[in-house]
Amino acid sequence: MVWGYPPAGAQNIRREKKAMSDTTGTDSGQEAIEPADKTDKTAGSDTDKEVDFKSKYEETLAETRKWEKRAKDDFEDAKAWREYQESKKTEDEKREAREKELEQRAIAAETKALRADVADTKKVPVEWREFLTGSTQEELEASADKILTLIADKKGNLPDPNQGNPTAEPTGDFLREAARRG
């Protein structure tokens, strides 16, 4: 190898680059970009090809219908597959699945009844009962107590009836009421 000259492989790469630049019109091997006046028309030109939105809509609608049909077909296949899987189960497996489902229902019913019982005992207002949390009676009672304290705190801070109406005469002596409350 003689120093100062590129290796033979480099010469081949240069030839390929040169051949590519001759075909595309650029030196970097990227595609040539055509001038804008050849590819794009101005927005206000009468020669612009108008987009047929109605046909695009109909194409999209047809595609949607095709996928809806496939989904309905798949639903029937999935239903048949579930029935097949169910038929493969033994009687013991079916009985276990039913028992598990019934047990879950019973737990949900007990929790709902316990929640209603605690709410009635603690006298939680109906609109606040959805915020009761917990699965045991102790957890539900603690949650009810917290809700009741929040409600009691909220009742102490009544808004001024004249708020937002600066020209109206005061309807009551709010300072005396505040001092009386404490």
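Under 8 Å by Cβ, and 6 or more places apart or on different chains, what pairs join a residue from the range 142-158 that is within 21 Å of D120 (Cβ to Cβ) and at pLDDT 85 or above with one that is of a type in the set (A, V, I, L, M) and outside any helix (DSSP H, G or I)?
Going by the 8 Å Cβ cut-off, the qualifying pairs are S143/L132; A144/V124; A144/L132; I147/V124; I147/L132; L148/V124.
Quickly run through the range 84-97 and pick out the residues that are assigned to a helix (DSSP H, G or I) and surrounded by 10 or more Cβ atoms within 10 Å (Cβ to Cβ).
Within the range 84-97, E86, E93, K94, R95, E96, A97 meet the criteria.
When the range 112-131 is examined, which residues are found to be out of contact with any helix residue (DSSP H, G or I) (no Cβ under 7 Å at 6 or more places or on another chain), assigned to a helix (DSSP H, G or I) and among the charged types (D, E, K, R)?
Across the range 112-131, the qualifying residues are K112, D117, D120, E127, E130.
Among the residues of the range 50-59, is there at least one that is at pLDDT below 90, in a helix (DSSP H, G or I) and of a type outside the set (S, T, Y)?
No, the conditions are met nowhere in the range 50-59.
Counting only residues that are at pLDDT below 90 and touching a Lys or Arg at 6+ places or on another chain (Cβ under 8 Å), how many does the range 98-131 have?
Of the residues in the range 98-131, 1 are at pLDDT below 90 and touching a Lys or Arg at 6+ places or on another chain (Cβ under 8 Å).
The values are calculated or read from the model by the stated rules, or taken from the named source; none is laboratory data. This structure is a prediction, so every number in the text was calculated from the model and none was measured. Positions of Cβ are backbone-derived with ideal geometry, glycine not excepted, and every protein chain shown enters the neighbour counts.
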